[in-house]
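Read the structure below first, then the notes.
The values are calculated or read from the model by the stated rules, or taken from the named source; none is laboratory data. Keep in mind it's a predicted model, so treat the numbers as computed, not measured. Virtual Cβ from ideal backbone geometry, glycine too; neighbours counted across all protein chains shown. Surface areas here come from the heavy atoms of the whole protein model, side chains and all, with no ligands, DNA or RNA. Shrake-Rupley method; radii C 1.70, N 1.55, O 1.52, S 1.80 Å.
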Number of protein chains: 2
Amino acid sequence: MKRVMCIPNYSEGRDLEKVEKITECFRAKENVKLIDYQPDADHNRLVVEVIGEPEAVIAAVLESVKVATEIIDMSKHEGAHPRMGAVDVIPFVPVTECTTEECVEYANKVGKAIGEMGIPVYLYEDAATSPDRKNLAKVRKGQYEGFFDKIKEPEWKPDFGPQEMNVKSGATAVAARFHLIAFNVNLNTSDLAIADKIAKTVRHIGGGLRFCKAIGLELEEKGQTQVSMNLVNFEKTAIYQALEMVKSEAKRYGVTVVNTELIGLLPLQALVDSAAYYMQIDGFKQEQVLETLLIEE
Amino acid sequence: MKRVMCIPNYSEGRDLEKVEKITECFRAKENVKLIDYQPDADHNRLVVEVIGEPEAVIAAVLESVKVATEIIDMSKHEGAHPRMGAVDVIPFVPVTECTTEECVEYANKVGKAIGEMGIPVYLYEDAATSPDRKNLAKVRKGQYEGFFDKIKEPEWKPDFGPQEMNVKSGATAVAARFHLIAFNVNLNTSDLAIADKIAKTVRHIGGGLRFCKAIGLELEEKGQTQVSMNLVNFEKTAIYQALEMVKSEAKRYGVTVVNTELIGLLPLQALVDSAAYYMQIDGFKQEQVLETLLIEE
């Protein structure tokens, strides 16, 4: 079955009754699976993870937009997390039998529908209509409060909906992006400068791996440091490549890897690719993993 | 959901109409998934792979036994593969939320029911009732033709059913066993003696790894040799351990690993265990693999 993941973020993380009303849109829907949802009171924000057949997911997401824009009033919203709308962001990620290009289509479909509800919509990441709109932080800059002016600038004309801020619902950003892998490599040194130098060398902007973002971090309690990476296209920049490059750079400082961490969800193919590298497995297919036979068709 | 895998083997691989009648027992059954089936004309044998909820699988297997014993006449059977019955072997393998001990129960349940159909039944592998019956080759020795005498020996009294050969249906062997991983390591030497020595060192009977069986093989066309292994308990003898031990022994001969092969199905945990070793991943859980969220509950 064609499957997409969607991770909509709503600007409500305190009123659990409202959180329930929003998540309800993803329950007991055919071909839609609510994976997880985390309301955060400090951020006053709700992050929902849902996987399913694209049309079914799109319908559920649009239902949730209707509900959220009814019950959330952005003119009264406070919270630590940057936000610009009641439904703040809606990224689509390909899962099975689905391409990023198709996710761009879904983002456009959802964006258009939300625009027709009188809410300005911006497309970002792979769905962006200009290089300036690729980066969410750049799109969202100014936040809800700043958008009343920002939206009037010609270069910030929304991709869908009115060129006028929606007072109650704010604006919404919709994206298509590839699955992101959060991969941390812990080093047996407390010297942040070393982790920092390694991070700057392995990451794309420093001349390193094309789809790798990295920063150096201190792990004070452990007396270690960390190269914290986001691998934004595991098909082209594999986990093992990032790890081996960190190891190779660490040698220069006489530093070794203590251990690593994979945070959150990982597509099976990313695991298979790296296992196949280290074990020199020839011709292994992810369909050989028994559990793939148990996936609903 | 509790899930078991069953790989029944039937002594019919030529008459595809009969093959259909047997495999039909596994189709369109709730909570039973027919994974694959391979009729082999040379062996005159049918291997079926099915996964599902244990009671549903047991019911389907017993239905298939009824069908197979009706349409197969062992007194007329010819084929290259060793066999002793119309339904030759029925091994149960734990898949999800299921232990080997539970598979022993399923083997007993199925064995008892087949015994009541007037067919002698032997339990083997982890379901064996004596050490002598653990090994299938030992149980099946003499094959269908030889069993008319063998069955009369007190030490070969069947575990279920009559102590008398069933002329039409022969005898059936039922087992519980752990998932077996077929793992081959190819070496950059054409010298079979080297592959042979490595195989003898890494395998259990040679003083090597507890759950590793191994032989040396020649890959004539490639000018290489192979250490061909069966890992019979991947939780205790991991793939990476077998690979690293082969590599370590190969060094003695100045030989290196060209590549490796994983044949057939592999439980996700076996892949995760080895990937975690090579990548030093701390605390990774197989539930972090996205695809596990798509498995039917």
**Q.** 36 Å tail of the calculated P(r), chain A, as % of Cα pairs
**A.** 24
(Q) How high is the relative contact order of chain B? Use alpha-carbon pairs under 8 Å, at least six apart in sequence, and give a whole percent. (A) 15
Q.
Under a Cβ-only charge scheme (Lys and Arg +1, Asp and Glu -1), can you give me the dipole magnitude of the range A:122-170 about the Cα centre, in debye to the nearest 20?
A. 100
Q. When ligands, DNA and RNA are left out and all protein chains stay put, how many square angstrom of accessible area per residue does the protein assembly as shown have with a 1.4 Å probe?
A. 44
**Q.** Accessible-area ranking of A:27, B:252, largest first, probe 1.4 Å
**A.** B:252, A:27
Q: Pull up all non-local amide H partners of residue A:173: gap of 5 or more, or a different chain, and H-to-H distance under 5 Å with H placed in the peptide plane.
A: A:89, A:90, A:122
Q) Charges only on Cβ, +1 for Lys and Arg, -1 for Asp and Glu: so what's the dipole of the range A:181-292 about the Cα centre, in debye to the nearest 20? A) 440
(Q) In whole percent, and with a 1.4 Å probe on the protein chains, what portion of the accessible area of the range B:3-176 is carbon and sulfur? (A) 49
Q: Distance between Cα centroids, the range B:258-293 to the range A:122-161: provide it in whole Å.
A: 41
Q.
Of A:68, A:262, B:121, which is farthest towards the positive pole of the protein assembly as shown's charge dipole, taken about the Cα centre with +1 and -1 on the beta-carbons of Lys, Arg and Asp, Glu respectively?
A. A:262
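Considering only protein heavy atoms, with the full assembly of protein chains and a 1.4 angstrom probe, order A:152, B:18, A:213 by accessible area, largest first.
Putting A:152, B:18, A:213 in descending order of accessible area: A:152, A:213, B:18.
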Q. Relative contact order, percent, of the range A:182-297 when contacts are C-alpha pairs under 8 Å separated by at least 6 residues?
A. 28
Q.
I'd like the accessible area for residue A:29, computed on protein heavy atoms only with a 1.4 Å probe and all protein chains in place. Round to 10 Å², please.
A. 70
Q: Using the Kyte-Doolittle scale, find the helices of chain A whose mean hydropathy is at least 0.5 and whose Cα atoms extend 20 Å or more along the helix's long axis, counting only whole DSSP H runs.
A: A:54-71
Q. Whole-Hz Karplus ³J(HN,Hα) for the range B:209-224, in order, using 6.51 cos²θ - 1.76 cosθ + 1.60 and θ = phi - 60°, x for Gly and Pro?
A. 6, 4, 10, 10, 10, 8, 9, x, 9, 9, 10, 3, 4, 8, x, 10
Q. Cα to Cα, under 26 Å, and not fewer than 8 places away if on the same chain: which lysines meet these conditions relative to residue A:141?
A. A:66, A:76, A:109, A:112, A:150, A:152, A:157, A:168, A:200, A:213
Q. Considering only DSSP beta bridges with both partners in the protein assembly as shown, what is the antiparallel share in %, to the nearest 5?
A. 80
**Q.** Solvent-accessible surface (1.4 angstrom probe) belonging to residue A:75, in square angstrom, nearest 10
**A.** 70
(Q) Which residues does the label zone of residue B:40 cover in the range B:122-158, counting backbone N under 15 Å from a point 7 Å along Cα→Cβ? (A) B:137
Q.
Given Cβ point charges of +1 (Lys, Arg) and -1 (Asp, Glu) and nothing else, what value in debye, to the nearest 20, does the dipole of the protein assembly as shown about its Cα centre take?
A. 1360
Q) What do you reckon, how do A:37, B:277, A:10 stack up by accessible area (1.4 Å probe), largest on top? A) B:277, A:37, A:10
Q: Using amide H atoms built 1.01 Å from N in the peptide plane, name the residues 5+ places from residue A:259, or on other chains, whose amide H lies under 5 Å from its own.
A: A:186
Q | Charge dipole of the protein assembly as shown about the Cα centre (unit charges at C-beta), most positive-ward option of A:189, A:231, A:57 | A | A:189
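Rounded, prolate or oblate: which one fits the range A:32-167, using the alpha carbon gyration tensor with axes a ≥ b ≥ c (rounded when a/c is under 1.5, else prolate when a/b beats b/c, else oblate)?
Taking the square roots of the gyration eigenvalues as a ≥ b ≥ c, the range A:32-167 is oblate.
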Q) What are the ³J(HN,Hα) values, in whole Hz, obtained from phi via the Karplus relation 6.51 cos²θ - 1.76 cosθ + 1.60 with θ = phi - 60°, for each residue of the range B:259-264 in sequence order, with x given for Gly and Pro? A) 6, 10, 9, 10, 9, x
**Q.** J(HN,Hα) series, the range A:166-178, from Karplus relation 6.51 cos²θ - 1.76 cosθ + 1.60, nearest Hz, glycine and proline x
**A.** 8, 4, 6, 9, x, 10, 10, 10, 10, 9, 10, 8, 7
Q | residue A:135 long-range amide H proximity, modeled H, under 5 Å | A | A:125
Q. Considering only DSSP states other than H, G, I, E and B, which GluC sites (Glu not before Pro) in the range A:163-251 qualify as loop sites with at most 15 other Cβ atoms within 10 Å?
A. A:164, A:235
Q | Estimated buried accessible area (total), pair B and A, 1.4 Å, Å² to nearest 100 | A | 4000
(Q) Just want the answer: with Cβ charges of +1 for Lys and Arg and -1 for Asp and Glu, which residue in B:147, B:241, B:198 is farthest toward the dipole's positive end in chain B? (A) B:198
Q: Tell me the label-point distance for the pair residue A:153, residue A:20, using the 7 Å Cα-to-Cβ offset, in nm and rounded to one decimal.
A: 4.3
Q. Which parts of the range B:168-205 would a label at residue B:218 reach, counting a residue when its backbone N lies under 19 Å from a point 7 Å out along Cα-to-Cβ?
A. B:185-200
**Q.** With DNA, RNA and ligands ignored, accessible area of residue A:228 (1.4 Å probe; Å², nearest 10)
**A.** 30
Q. For the protein assembly as shown, how big is the tail of P(r) above 34 Å, as a whole percent of Cα pairs?
A. 55
**Q.** Shielded residues, the range A:216-263 - accessible-area loss of 30 Å² or more between chain alone and all protein chains, probe 1.4 Å
**A.** A:259, A:260, A:262
